Amino acid sequence: MTPTADRAAARRDGAPTLYLIDGTAYIHRAYHAIHGLANSKGLPTNAVFGFTRMLIKLMAERQPEYAAMLFDAKGPTFRHERYEAYKANRPPMAEDMAVQIPLIKRVTRGFNLPLVEMAGFEADDLIGTLARQAQEKGFFVVMVTGDKDFMQLVTDTAVIWDPMKEKTIDPAGVRAAMGIEPGQVVEVMGLSGDSTDNIPGVPGIGPKTAQGLIQSFGSMAALYADLDKLSAKKQQEKLAQYREQAFLSRELATIETRAPLAFDPAEYRLRPPDSAVLAALFKELEFRQLQKDYPQGADHTRKDYRLILDEE
């Protein structure tokens, strides 16, 4: 879709639109996109700067009325209780990234953007939960992320918007990319696993093979019910051998949509940025251009401009 078509899609049928921003993904993208930035005291600021610029771009282009920024909380999640090795292959967060997290949260609060995190749950689960509840209340939902795992949450009233690629993914986009329906994405992930999160899947079954199997059988349950119909005997043996692991993998890959979190539209309605907070923070970080863009005492209230067509 073009940016214009994207914006139109985000206002479908005149429904109020809720933007759910994957803050954890924003942090990683910002950190890896900019290198060597620090203030005069030696404090790394590359991730904060990149995050802030991405946030400003989103606000300027989309002008969301309802939104939230969601982060992973520290510590293990319910998935670690089910599978101790979940994400065990990931190295610890780099120290120069970790020290910027509190600053990034201060930026988020400075923009008066609701910040949501919850111990035991990932940002994905909080997005999934709020997306479900918002749709039930008549909202159109835009999940701001580049993470393809969110394809499982796509519906006619919830889409993914990847701001880096300027790309929107709706149900037709999922079908075009994977040849399956959004609800079948976790079925594919159960078979193929996910090396990024150390989800094992079935050895020897890659994403393309998994997609083909789900296209043919519709679900893992149906596949295992008719496993003897597979002509590839080695594949059949592998699937039978790792059946329990496959269903565990599907469980791990499934984004939770019933976390203990309630969507109250009033709490997610945006207010103008707090210029005093942002001015002080940008001064501390030595973001000189942003200090000019958000001077202390500036009025960032949304204006209502109308064309006057007659003298009266």
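Expressed as a whole percent, the accessible surface of the chain that belongs to carbon and sulfur atoms is 52, based on a 1.4 Å probe.
Considering only Val141, Val159, Val277, the Gaussian network model of the chain with Cα springs below 10 Å gives its largest mean-square fluctuation to Val277.
With respect to the chain, whose longest principal axis is taken over its alpha-carbon atoms, helix 275-285 is tilted by about 70°. Cα axis of helix 243-253 to longest principal axis of the chain: angle in degrees, 0 to 90, nearest 10? Orientation of helix 243-253: about 10 degrees from the principal axis.
Just how many % of Cα pairs in the chain lie over 38 Å apart, if you round to the nearest whole percent? So the portion of pairs separated by more than 38 Å is 21 percent. Per residue, the chain exposes 51 Å² of solvent-accessible protein surface, assessed with a 1.4 angstrom probe and all protein chains in place.
Provide the three semi-axes, in whole Å and in decreasing order, of the ellipsoid equivalent to region 141-263 as defined by the square roots of 5 times the Cα gyration tensor eigenvalues. Spell out each step's value before the answer.
Working: eigenvalues 152, 48, 33 Å².
Sorted largest first and rounded, they come to 28, 15, 13 Å.
Between Ala222 and Arg82, the contour length at 0.36 nm per residue exceeds the alpha carbon distance by 48.0 nm. Pairs of Cα atoms nearer than 8 Å and 6+ residues apart set the relative contact order; for the chain it is 20 percent. Taking a ≥ b ≥ c as the square roots of the eigenvalues of the alpha-carbon gyration tensor, region 3-115 is classed oblate because a/c is 1.5 or more while a/b is no larger than b/c. Counting every pair of alpha carbons in region 69-214, the share spaced more than 26 Å apart comes to 34 percent. Computed over the chain with a Gaussian network model linking Cα atoms closer than 10 Å, the most mobile of Met118, Met143, Met69 is Met118. Relative to the longest principal axis of the Cα atoms of the chain, the long axis of helix 207-217 lies at roughly 60 degrees. Sorted on the mean count of surrounding Cβ atoms within 10 Å across their residues, most packed first, peptides 175-185, 218-228, 34-44, 122-132 read 122-132, 175-185, 218-228, 34-44. Full extension of the segment from Asp264 to Leu115, taken as 0.36 nm per residue of separation minus the current Cα-Cα distance, would add 52.3 nm.
Pairs of Cα atoms nearer than 8 Å and 6+ residues apart set the relative contact order; for region 63-187 it is 21 percent. Between Glu244 and Ala15, the distance separating the two model label sites (each 7 Å from Cα on the Cα→Cβ line) works out to 4.2 nm.
The values are calculated or read from the model by the stated rules, or taken from the named source; none is laboratory data. Nothing here was measured: the structure is a model prediction, and the numbers come from that model. Backbone-built Cβ (ideal geometry, glycine too); neighbour counts: all protein chains shown. Heads up: the accessible areas ignore ligands, DNA and RNA and are worked out on the full protein's heavy atoms, side chains in. Shrake-Rupley method; radii C 1.70, N 1.55, O 1.52, S 1.80 Å.
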